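Shown next, in structure tokens, is the structure this report addresses.
The values are calculated or read from the model by the stated rules, or taken from the named source; none is laboratory data. Because the structure is a prediction, the values reported are computed rather than measured. Glycine also receives a Cβ, built like all others from the backbone with ideal geometry; neighbour counts cover every protein chain displayed. Heads up: the accessible areas ignore ligands, DNA and RNA and are worked out on the full protein's heavy atoms, side chains in. Shrake-Rupley method; radii C 1.70, N 1.55, O 1.52, S 1.80 Å.
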Amino acid sequence: MSAGQIFNWAWMTGWTLLVLPPSIAFLRGWAPAWLRRRATPRMVRARGAGGLLLWVSAVSSASFQLSGAFAGDWYPVRLLAGPGAVLAGITLVVVTDLAERRRRRVPLTGAQ
């Protein structure tokens, strides 16, 4: 086993242990008290989905390297699973955060 393979296995294990459990918990609506005070349930679920997309991106990039799927036929799949998933996860969280901020905005009374 080479150093690159050991790194890829450690990378997948680390992401699976550190990111996957909180993402699943957030998708189910479970969150620590400090997060529940700051975010609505919709935002907690969106952060869980964003974390799940980031996990898919990290694990898929390492698994593609381990399997040797660098051929041109796999390029669209690698592109969607890598940078595409990262951008989708970040976009999901940012759009939901902006929507929550807009929803919480209270109009000024007396301003005409």
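Quick notes on this one:
- Projecting the Cα atoms of I6, S60, I24 onto the charge dipole of the range 1-88 (Cβ charges, centred on the Cα centre) puts I24 farthest toward the positive pole.
- Excluding ligands, DNA and RNA, the accessible surface per residue across the chain is 70 Å² with a 1.4 Å probe.
- Using 0.36 nm per residue and subtracting the Cα-Cα separation, the extra length available between A3 and A69 on full extension is 21.9 nm.
- Taking all protein chains together, S2, S60 sort by accessible area into S2, S60, largest first [probe 1.4 Å].
- Net charge over other residues, Cβ less than 14 angstrom from the Cβ of V93 (K, R count +1; D, E count -1): +3
- Per residue, the chain reaches -23500 deg cm²/dmol at 222 nm when only DSSP H runs of four or more residues are counted, each adding -39500 (n - 2.57).
- Working note: Cα gyration tensor of the range 4-56, eigenvalues times five, square-rooted, sorted largest first, giving semi-axes of 26, 10, 7 Å.
- For the chain, convex hull volume per residue from C-alpha positions, Å³: 124 Å³
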